[in-house]
Amino acid sequence: MIKVLLVDDSPVVHEVLKKFFEKKTEIEIVGNVYNGEEALHFLKTMTPDVVIMDIEMPVMDGLTAIKKIMEEKPLPIIVFSAATKKIADLVMKSLEAGAVDVVEKPENMTTAGIEEYLEKNLFQKIKIFYGFKVVKRISDLKIKELAEKKERLELLAKNKSLRSKKELFPVVGIASSTGGPQTLKKIFSQIKKPTYPIVVIQHIPHNFVESLREWLMLHTQAKCEFVQEGGLPEPGKIYLVNVDRHLTFSPEGRFKFFDAPPIYGIRPSADYMFEFLGKVYKERAIGIVLTGMGEDGKKGAKFIKENQGTIITEAEEDCIIYGMPRAVIESGLADKIMRINEIVDFLNQLTEFF
């Protein structure tokens with residue numbers, strides 16, 4: 001039985017979630033409190049498995065409560081909040097403070113389809129974070145080194161006079177899901193301004209993407225902007241996607257959106273982005289798979305590998321959720337498994353090459 005503490009100032013939210021979770025034999029709501037201060041008081045005597053936390057509440061808001069909980073009694077905290085501009089900014093700070101994920105709270109909690117929404121977005125994440133620390137370690141895995149690919153990149157750098165600049169630089173694609181915003185911040189805050197573009201597929205509710213971009217801008221030397229249809233990836237820029245469409249690349253290397261059903265319930269999908277990154281940029285394509293649940297990125301990584309590109313996965317030790325990196329590794333597609341500091345070093349080495 002997964003014990004859950006619900007922290008929200010809305011009686012309607014408490015009532016809707018109570019009715020929803022009563023139908024779930026795996027979940028028990030062990031506490032219903034209405035602000036952060038009440039949550040801290042509850043946690044003095046009880047230890048739930050997962051905390052569902054609203055952000056905007058009286059007496060003590062969710063961000064303050066998250067900071068205190070992570071200092072005093074660290075627990076998996078899922079932010080369940082609306083996505084107004086003000087609150088979305090606070091959600092990014094909550095992830096930085098230690099919350100593990102965010103689920104957007106619908107404006108109308110009594111609307112038709114609310115149970116389906118909660119099933120897909122909240123219930124599944126509660127189950128994942130209940131046991132997310134218990135990860136079977138992959139041992140004795142033989143990983144090829146990046147020596148040959150590094151040589152190819154160095155060769156491109158040495159012969160840059162023979163190529164136009166847009167033909168020279170690599171293009172880095174990043175697949176990131178649960179725990180991703182925190183990881184992206186760690187990486188981007190430590191890298192030099194890149195001499196190549198970075199394209200990020202981050203699984204996050206669309207209404208939070210603008211705040212994610214602004215938050216990352218505070219922690220990087222690169223310019224962080226949204227992908228524009230038909231634009232060319234430019235060195236020194238980090239690109240995010242703020243539309244509910246899949247991202248690919250045209251044969252000329254330009255950004256291209258297209259409409260197709262979500263993959264694993266996800267749109268945009270890293271699989272599509274990786275696939276066309278590999279097909280178009282070939283040996284200059286570098287795919288990095290960071291923390292996240294599921295398998296997004298695994299199918300796309302195959303195309304990068306087939307076209308002599310490079311695949312890097314985040315090491316288990318640094319992942320909040322080891323699902324996406326593990327899927328790539330178990331498929332034999334990873335060229336290198338790296339800790340976050342090693343990913344930073346690798347990206348900085350690319351900057352020195354180009």
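Read the figures in this text as sums done on the coordinates, not as results from a lab. If you're wondering where the values come from, they're calculated on a predicted model, not measured in any experiment. Counting neighbours? That spans all protein chains shown, and the Cβs are built from the backbone with ideal geometry, glycine included.
Which order results if His219, His203, His246, His41 are arranged by neighbouring Cβ count within 10 Å, fewest first?
Ascending number of Cβ neighbours within 10 Å: His41, His219, His203, His246.
HN-Hα J couplings of region 114-124 from phi, Karplus 6.51/-1.76/1.60, θ = phi - 60°, integer Hz, Gly and Pro as x?
Values, residue by residue: 5, 5, 5, 5, 5, 4, 6, 9, 9, 4, 5 Hz.
Using 0.36 nm times the number of residues separating Gln308 and Thr25, minus their current alpha carbon distance, what extension gain do you get?
97.0 nm
Using a/c under 1.5 as the rounded threshold, could you call region 147-353 rounded, prolate or oblate? The axes a ≥ b ≥ c are square roots of the C-alpha gyration tensor eigenvalues, and prolate needs a/b larger than b/c, oblate otherwise.
rounded
Might you report the magnitude of the Cβ-based charge dipole of the chain about its Cα centre, with Lys and Arg at +1 and Asp and Glu at -1, to the nearest 20 debye?
1280 debye
Beta carbons within 10 angstrom, averaged per residue: use that to sort the peptides 338-349, 98-109, highest first.
So the peptides 338-349, 98-109, ranked by packing, come out 98-109, 338-349.
Computed FRET efficiency, Cβ-Cβ of Thr45 and Glu252, R0 51 Å: what is it to the nearest 0.05?
0.20
Hey, what do the phi angles of region 297-304 turn into as Karplus ³J(HN,Hα) couplings, whole Hz, using 6.51/-1.76/1.60 and θ = phi - 60°, x for Gly and Pro?
Working through the residues one at a time gives x, 5, 5, x, 4, 4, 6, 5 Hz.
So what's the net charge close to Glu229: Lys and Arg +1, Asp and Glu -1, counting the other residues with Cβ under 10 Å from its Cβ?
Around Glu229, the surrounding residues sum to +3.
Output ³J(HN,Hα) for region 257-272: one whole-Hz value per residue in order, computed from phi by the Karplus curve 6.51 cos²θ - 1.76 cosθ + 1.60 with θ = phi - 60°, and x for Gly and Pro.
8, 8, 9, 8, x, x, 9, 6, x, 10, 8, x, 10, 5, 4, 5
Compute the Cα gyration tensor for region 202-305, then decide on rounded, prolate or oblate, letting a ≥ b ≥ c be the square roots of its eigenvalues: rounded whenever a/c is under 1.5, prolate when a/b is larger than b/c in the other cases, and oblate in all that remain.
Because its axes are fairly even, with a/c under 1.5, region 202-305 counts as rounded.
Ignoring everything except DSSP H segments at least 4 long, calculate the 222 nm mean residue ellipticity for the chain; use -39,500 (n - 2.57) per segment, divide by total residues, nearest 500.
Result for the chain: -11000 deg cm²/dmol, rounded to the nearest 500.
With +1 assigned to the C-beta of every Lys and Arg and -1 to the C-beta of every Asp and Glu, and no other charges, what is the dipole magnitude of region 20-90 about the Cα centre in debye, to the nearest 20?
120 debye
Each label point is 7 Å from the Cα along the Cα-to-Cβ direction; what then is the distance between the points at Glu71 and Asp345, in nm?
That separation, rounded to one decimal, is 3.4 nm.
With 23 Å as the limit, write out which pairs from Lys93/Lys336; Lys223/Lys302; Lys24/Lys125 have Cα-Cα distances beyond it, or answer none.
Over 23 Å apart, Cα to Cα: Lys93/Lys336; Lys223/Lys302.
How would Tyr322, Tyr117 line up from fewest to most surrounding beta-carbon atoms within 10 angstrom?
Tyr117, Tyr322
Treating only the Cβ of Lys, Arg, Asp and Glu as charged (+1, +1, -1, -1), what charge dipole size does region 2-130 show about its Cα centre? Round to the nearest 20 debye.
Computed charge dipole of region 2-130: roughly 220 debye.
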